[in-house]
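Here the structure is laid out as structure tokens; the discussion comes afterwards.
The values are calculated or read from the model by the stated rules, or taken from the named source; none is laboratory data. In this text, all values refer to a predicted model and were calculated from it rather than measured experimentally. Here the Cβ positions follow ideal geometry from the backbone for every residue, glycine too, while neighbour counts run over all protein chains shown.
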Amino acid sequence: MSRPELQRSPYDFVTTELEICLTFVRLIQTELRFGWRDAAGRALESAEKGYNMIRHFLPNVENNKQRTEIETKLNSLRRTLDFLHTDLSMFRHSPL
């Protein structure tokens, strides 16, 4: 972790990572609309890495209300990522 990341609160860190993941979700959706399967796959891998990072650092969020807020958003992100995996799989197995 870089020095600036250590200076931020765990809540700020995980909420920033969550926003980055949601940006990747929008990117993936756009790339799939254009049929850019490989790019969508790479973006999905990045979103998964972000998701895992949030899961790793979430216990460091000490405020229960903040942790619950993040967990709710993270569960929604998980469902979206699972859907995108399915969507991408269907795109990869369909003819061009």
Quiz item: Within the bounds of the stretch 38-56, is there any residue that is of a type in the set (Phe, Trp, Tyr), modelled with pLDDT of 95 or more and surrounded by fewer than 18 Cβ atoms within 10 Å (Cβ to Cβ)?
Solution: no
Quiz prompt | Pair list, Cβ under 8 Å, 6 or more apart: the stretch 67-91 residue over 22 Å from THR16 (Cα atoms), other residue surrounded by fewer than 17 Cβ atoms within 10 Å (Cβ to Cβ) and among the small types (Gly, Ala, Ser) | solution = PHE91/GLY35
Quiz item: Any chance the stretch 86-93 includes a residue that's over 16 Å from the mean Cα position of the chain (by Cα), exposed (fewer than 12 other Cβ atoms within 10 Å of the Cβ) and at pLDDT 95 or above?
Solution: no
Exercise. Among the residues of the stretch 22-35, count how many are touching a residue at least 24 places away in the same chain (Cβ under 8 Å) and either closer than 15 Å to LEU58 by Cα or outside any helix (DSSP H, G or I) (or both).
Key: 1
